[in-house]
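Colleague: The structure that follows is given in the form of structure tokens.
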Amino acid sequence: MVELCGERTRLREFRVDDLDASLSVVGDDRVTRFLSFDSLSREIQAERLAGAIQRASLNPRTEFYLAVTGRADDQLIGFVRLGLGGVRAAKLGYAIAADHWGHGYATDAARTLIEFGFGELGLHRISAAIGPDNAASIALVRRIGFTREGRLRDHVHTNGAWRDSELYSILAS
Ligand SMILES: CC(C)(COP(=O)(O)OP(=O)(O)OC[C@H]1O[C@@H](n2cnc3c(N)ncnc32)[C@H](O)[C@@H]1OP(=O)(O)O)[C@@H](O)C(=O)NCCC(=O)NCCS
């Protein structure tokens, strides 16, 4: 079980009772218009949450997909994820409920998870693929030290259309 503490957030494993709070992230078009999937129904998110909880117990783990909470309480306000793949490599993802944007939560959560990735996990490379119009997310990865690598054409099909991604990465060095 992973539990990480940042300056503004805590990252912990998902629980079944996170369903309602997680729907305020993945069930909200304000958030999912920037993600690689459309807003999820309660039923689908219940299945996805159960899958995430199950994958957290795999050994070795395939991902570190964690709930983001504030420092002082245990309520989920977002998620952050490192999906492992390749040799000491991972893909970063994150989202915060729209009502909690602009308080530095995503920056802190992403930075905390990256430090864990390069530290405990011994990763070499972490990448992030971001919609070209997603200024907040591009600003975030730049702020925490990622470098732009290029444009992935028609990288995801989301919200009814193909979408390019800007590819960013950070190396252990
Ligand atoms: C991208 C996203 C995760 C950013 O979440 P967030 O918690 O609002 O991000 P942060 O607060 O860390 O940073 C965003 C802004 O808050 C500001 N900020 C940072 N620390 C702050 C603080 N302590 N107090 C107030 N504002 C702060 C930042 O300067 C930034 O402002 P700017 O964009 O005007 O420069 C959020 O917009 C989101 O969930 N978007 C939809 C999903 C998504 O795009 N996910 C990523 C897909 S690649």
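The values are calculated or read from the model by the stated rules, or taken from the named source; none is laboratory data. As the structure is a prediction and not an experimental result, all values here were calculated from the model. Here Cβ is always computed from backbone atoms with ideal geometry, including for glycine, and neighbour counts include all displayed protein chains.
Colleague: Does region 70-77 contain at least one residue that is out of contact with any helix residue (DSSP H, G or I) (no Cβ under 7 Å at 6 or more places or on another chain) and surrounded by 19 or more Cβ atoms within 10 Å (Cβ to Cβ)?
Modeller: No.
Here's the yes/no breakdown for (1) in contact with a His (Cβ under 9 Å, 6 or more places away or on another chain); (2) among the aromatic types (Phe, Trp, Tyr); (3) in a loop (DSSP other than H, G, I, E, B):
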{"site": "MET1", "(1), (2), (3)": "no, no, yes"}
{"site": "VAL25", "(1), (2), (3)": "no, no, no"}
{"site": "VAL31", "(1), (2), (3)": "no, no, no"}
{"site": "PHE34", "(1), (2), (3)": "no, yes, yes"}
{"site": "LEU40", "(1), (2), (3)": "no, no, yes"}
{"site": "ILE53", "(1), (2), (3)": "no, no, no"}
{"site": "TYR65", "(1), (2), (3)": "no, yes, no"}
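Colleague: Here is a follow-up. So if I check each of GLY102, GLY85, which one is more than 14 Å from the ligand (Cβ to nearest atom) and surrounded by fewer than 22 Cβ atoms within 10 Å (Cβ to Cβ)?
Modeller: When all the criteria are applied, what remains is GLY85.
Colleague: Take region 105-126 and flag every residue that is buried (at least 20 other Cβ atoms within 10 Å of the Cβ) and acidic (Asp, Glu).
Modeller: ASP108
Colleague: Can I ask one more? Could you list, in sequence order, all residues of region 3-22 that are more than 13 Å from the ligand (Cβ to nearest atom) and over 15 Å from the mean Cα position of the chain (by Cα)?
Modeller: Once the filter is applied, which keeps residues that are more than 13 Å from the ligand (Cβ to nearest atom) and over 15 Å from the mean Cα position of the chain (by Cα), region 3-22 yields GLU3, CYS5, ARG15, VAL16, ASP17, ASP18, LEU19, ASP20, ALA21.
Colleague: Take HIS155 and tell me if it is surrounded by fewer than 16 Cβ atoms within 10 Å (Cβ to Cβ) and either among the hydroxyl-bearing types (Ser, Thr, Tyr) or in contact (Cβ under 8 Å) with a residue 24 or more places away in the chain (or both).
Modeller: no
Colleague: Six or more apart or on different chains, Cβ under 9 Å: which pairs go from a residue in region 115-132 that's assigned to a loop (DSSP other than H, G, I, E, B) to one that's at pLDDT 95 or above and hydroxyl-bearing (Ser, Thr, Tyr)? Could you list them?
Modeller: Every condition considered, the pairs that remain are HIS124/SER173; GLY131/SER137; GLY131/SER165; PRO132/SER165.
Colleague: If the requirement is being of a type outside the set (A, V, I, L, M), at pLDDT 95 or above and over 20 Å from ASP20 (Cβ atoms), which of these qualifies: THR69, THR107?
Modeller: THR107
Colleague: Take region 105-137 and flag every residue that is more than 25 Å from THR69 (Cβ to Cβ) and within 16 Å of the ligand (Cβ to nearest atom).
Modeller: SER127, ALA129, GLY131, PRO132, ASP133, ALA135 - these are the residues of region 105-137 that are more than 25 Å from THR69 (Cβ to Cβ) and within 16 Å of the ligand (Cβ to nearest atom).
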